[in-house]
Amino acid sequence: GNMPEDVDTDDCMTSYTHIYSPDLLKDQVAFITGGGSGIGLRVAEVLMRCLLIGPAPFLLQAAKKLTAATGRHCLPLATDVRQPQTISAAVDETLKELGRIDILINNAAGNFLCPASSLSFNAFKTVLEIDTMGTFNTSKVVYEKWFKDHGGAIVNISATLGYRGQALQVHAGSAKAANDAMTKHLAVEWGPSGVRVNALAPGPISGTEGFRRLGGNTAQAMGAFSSIPLQRAGNKTEMAHGVLFLASRASSYVTGHIMVADGGSWLTSAND
Ligand code: HXC
């Protein structure tokens, strides 16, 4: 009953009820990595519905859907967060086309289930490179090119995997734990420049690649989610609302915070 609208596919919502003032982000620009699908796409949609002029490095098709649904501008830019020069080019392009960046959402991530003993050295490194180095690379480029002189808000998408050392997740859990530390380090160093740095840690979120890869559908079918205090998976719009809070002036005095949005999942479930 209290869940906001969402659709399980990577389509935009057919209706949306604003939870904050529709002009909360008026005239602002957000740079969203991994915005082409899943949580990143819904974050882009909800932010754009807040009168955002929103660019992001993502697919043309996603950009078209977002513009059609929200009437806002969306600049799709192909980047690999592992390659700082591609981020640099995307940030330059964004500043040239849209003139500013107010919000950075570090959402791009890679994950799969694999026991540590079978995980190749390169597999561990690959996930660290996307999740951790990718977050640092993008944050640093956006800071140097814009936030240093204008301030801004960074929201990193984290995970609760490392809180309990979840099985089959040493790569992603280690990467996200590093990102949580990074969130605090950058909040301390960049606070004086007017930059807030926070993170949102989702639990199992329906309609995402993570949910599919980590066995969410099987868990749901087996009734495993009844052990979660809120007894259900979350949806992408709920994650977007958490991001909207951390990215907007609704949280103007919040920095260095990791906000868990998992229905209480990690408190009671070994496998979220
Ligand atoms: C074991 C695997 C593997 C798997 C890849 N590898 N998939 N090992 N199990 N399922 C190994 C490969 O064998 C290779 O090691 C190394 O990882 C790199 O693989 P590549 O395919 O070359 O890497 P790349 O093409 O860069 O792809 C990156 C990726 C891929 C992470 C492996 O899955 C990807 O692009 N994912 C993006 C989408 C995604 O993962 N979304 C879900 C995010 S969920 P070797 O030794 O053979 O060279 C999420 C949230 C977590 O992050 C928290 C949820 C609660």
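The values are calculated or read from the model by the stated rules, or taken from the named source; none is laboratory data. These numbers come from a predicted model, not from an experiment. Every residue, glycine among them, receives a Cβ derived from its backbone with ideal geometry; neighbour counts consider all protein chains shown. Accessible surface areas use protein heavy atoms only, side chains included; no ligands, DNA or RNA. Shrake-Rupley method; radii C 1.70, N 1.55, O 1.52, S 1.80 Å.
Remarks
- Set 137, 156, 122, 111: member being polar (S, T, N, Q) and either open to solvent by less than 20 Å² (accessible area, probe 1.4 Å) or in contact with a Phe, Trp or Tyr (Cβ under 6 Å, 6 or more places away or on another chain) (or both): 156
- Some residue of segment 72-90 being open to solvent by less than 40 Å² (accessible area, probe 1.4 Å) and touching a Lys or Arg at 6+ places or on another chain (Cβ under 7 Å): no
- Helices (runs of 4 or more DSSP H) lying entirely in segment 80-170 (those with 2 or more residues that are closer than 24 Å to residue 240 by Cβ): 84-98, 134-142
- Of the residues making up segment 184-218, those that are away from the ligand (no atom under 16 Å from the Cβ) and buried (at least 22 other Cβ atoms within 10 Å of the Cβ) are 186, 195, 196, 197, 198.
- Within segment 33-66, if we keep just the residues that are more than 23 Å from residue 4 (Cβ to Cβ), more than 16 Å from the ligand (Cβ to nearest atom) and not hydrophobic (A, V, I, L, M, F, W, C), the residue that is modelled with the highest pLDDT turns out to be 64.
- Selection of segment 225-241 for residues being farther than 21 Å from residue 48 by Cβ, away from the ligand (no atom under 11 Å from the Cβ) and buried (at least 17 other Cβ atoms within 10 Å of the Cβ) yields 225, 228.
- Screening residue 114 on (1) within 14 Å of the ligand (Cβ to nearest atom); (2) touching a Gly at 6+ places or on another chain (Cβ under 9 Å) shows it passes everything except condition (2).
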